[in-house]
Amino acid sequence: MLYPFTFKPIFKEIIWGGTDILPYKGYPADSRNIGESWELSQVDQNFSVVANGRLAGKTIDELIEEYGARLLGTKVVDRSGLLFPLLIKFIDARDNLSIQVHPDDKLAKERHHSFGKTEMWYVVKAAPDAILYSGFSQQTDADEYVRRVENNSIMDVLKKYDVRAGDVFFLPAGRVHAIGSGCLIAEIQQTSNITYRIYDYNRKDANGNERELHTELAKDAIDYTLYPDYRTPYTPVENEATKLVLCQYFTTNLLKLDETKIRDFSSLDSFVVYICLEGKALLKDDKGNALPVRQGQTVLIAADTDRISIEPEQNAKFLETYIG
């Protein structure tokens with residue numbers, strides 16, 4: 001019988017990383033620059049390992065191999081095969097990340113035999129001066145993009161946002177973007193690790209070398225459509241599921257709870273992922289399993305689960321994600 005799974009986080013020590021992820025997740029703080037915590041992953045041999053219950057020690061690929069559609073859902077297997085289709089992360093940026101873009105499925109398949117990368121950000125925590133970049137601030141085409149990369153003026157045409165906790169950004173493949181310093185972010189994305197680096201502020205590594213840019217690869221991957229605003233508007237409703245993102249790759253809701261909430265997934269035919277953003281709660285399924293969950297934890301609910309009860313301890317906040 002499948003039950004709600006938690007996983008051992010995969011911590012990524014990165015030069016631009018900060019020191020917020022460990023205490024946020026309830027671990028003792030230390031001096032490592034943990035830029036990312038991969039919460040649920042089947043990317044490039046970074047396979048998540050079950051942390052709880054009788055299947056503890058199993059990797060996500062072993063779970064999928066053994067349980068297939070019972071775990072993922074029939075429609076998910078039909079679409080993605082025996083691959084977990086999402087990568088769930090926390091990202092802590094002490095410094096600005098490079099300006100980048102990700103290819104869509106068609107281009108990624110042609111060039112890399114991979115899925116593309118559409119993703120979303122939920123800002124968990126933001127310093128007073130925290131920023132990020134998403135999209136263009138003025139109409140730009142491929143030729144102008146190349147010129148501006150070459151003359152170091154690409155930042156002049158990117159949309160810069162001052163951010164605060166609770167901000168949401170949807171980033172379809174092709175949208176130029178970057179996380180700025182002072183942001184702690186929950187990221188939900190397709191299972192892909194393909195990134196084209198556009199600009200890196202002329203930074204040099206310890207050996208005096210600049211990181212490689214992918215100017216030509218990115219040129220054909222960028223969506224140059226100009227939008228008036230790239231931030232995702234929403235109005236949270238207490239004790240209800242507030243829709244944040246609905247796309248072909250995932251649906252994500254926000255749940256702010258101060259009372260028990262029943263979620264019925266009997267007709268969904270998909271796994272469900274819960275990311276606990278704040279507080280504590282007890283998750284109970286319709287099979288008699290109960291799992292205490294705290295801030296910073298990610299939980300995978302199998303597709304053969306019909307109902308989940310979420311019982312908050314005072315208040316709790318979750319991102320709820322599934323394949324629609």
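Nothing in this text is a laboratory measurement; each read-out follows from the coordinates by a stated rule. Bear in mind the structure is a predicted one, so any value in this text is a computation, not a measurement. A quick note on method: Cβ atoms are made from the backbone with ideal geometry, for glycine too, and the neighbour counts reach across all protein chains shown.
Results, tabulated for the structure shown:
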read-out: Over the chain: helical MRE at 222 nm, DSSP H runs n ≥ 4 each giving -39500 (n - 2.57), nearest 500; value: -4000 deg cm²/dmol
read-out: Taking the convex hull of Cα positions in the stretch 154-199, its mean projected area over all directions (nm²); value: 4.0
read-out: Packing-based ranking, highest mean first, of 264-270, 315-321 given that Cβ atoms within 10 Å are counted; value: 315-321, 264-270
read-out: Where N is the number of residues in the stretch 196-324, Cα Rg divided by 2.2 N^0.38 Å; value: 1.44
read-out: Computed over the chain: relative contact order in percent, which uses C-alpha pairs under 8 Å that are six or more apart; value: 19
read-out: Ellipsoid equivalent to the stretch 111-163 - semi-axes via the Cα gyration tensor, in Å; value: 24, 20, 9
read-out: Bins of 10 Å from zero: percent of alpha-carbon pairs in the stretch 55-191; value: 11, 32, 31, 19, 7, 1
read-out: Residue-by-residue Karplus 3J(HN,Hα) for the stretch 179-195, coefficients 6.51, -1.76, 1.60, Hz, glycine and proline x; value: 7, x, 5, x, 10, 10, 10, 9, 10, 10, 8, 4, 6, 6, 10, 9, 10
read-out: For the stretch 208-324: relative contact order, % (alpha-carbon pairs under 8 angstrom, 6 or more apart); value: 30
read-out: Phi-based couplings in Hz for the stretch 28-38 (Karplus 6.51, -1.76, 1.60; Gly and Pro marked x); value: x, 5, 9, 8, 5, 8, 7, x, 9, 10, 7
read-out: Cα radius of gyration and Dmax for the stretch 1-96 (Å); value: 15.2, 44
read-out: Solvent-free Debye scattering, log10 I(q)/I(0), computed from the Cα coordinates of the stretch 216-284 at q = 0.11, 0.12, 0.28 Å⁻¹; value: -0.44, -0.51, -1.52
read-out: Too-long pairs where the Cα-Cα distance tops 30 Å, listed order kept, from Lys12/Lys58; Lys58/Lys204; Lys159/Lys280; Lys8/Lys287; Lys58/Lys317; Lys58/Lys243; value: Lys58/Lys204; Lys159/Lys280; Lys58/Lys243
read-out: Cα coordinate range in the chain, projected on the principal axes (Å, largest first); value: 62, 42, 40
read-out: Potential lengthening between Cys247 and Glu65 on full extension [0.36 nm per residue; Cα-Cα distance subtracted]; value: 62.9 nm
read-out: Cα-based Rg / Dmax (Å) for the stretch 140-264; value: 18.1, 56
read-out: Cα-projected label distance for Asp264 with Glu238, points at 7 Å along beta-carbon direction, nm; value: 2.5
read-out: Distant-in-sequence amide H partners of Gly182 (H built 1.01 Å from N, under 5 Å); value: Ala93, Arg94, Asp95
read-out: Listed peptides 289-295, 172-178, 16-22 by packing density, highest first (mean Cβ within 10 Å); value: 172-178, 16-22, 289-295
read-out: Cα-projected label distance for Asn152 with Glu210, points at 7 Å along beta-carbon direction, nm; value: 0.8
read-out: Rounded Å value of the spacing that divides the Cα centres of the stretch 133-160 and the stretch 1-60; value: 35
read-out: Efficiency of FRET between Asn193 and Arg307 - r from beta-carbon atoms, R0 30 angstrom, step 0.05; value: 0.30
read-out: Aspartates and glutamates with Cα under 13 Å of Lys25, excluding same-chain neighbours fewer than 8 positions away; value: Glu36, Glu39, Asp92, Glu278
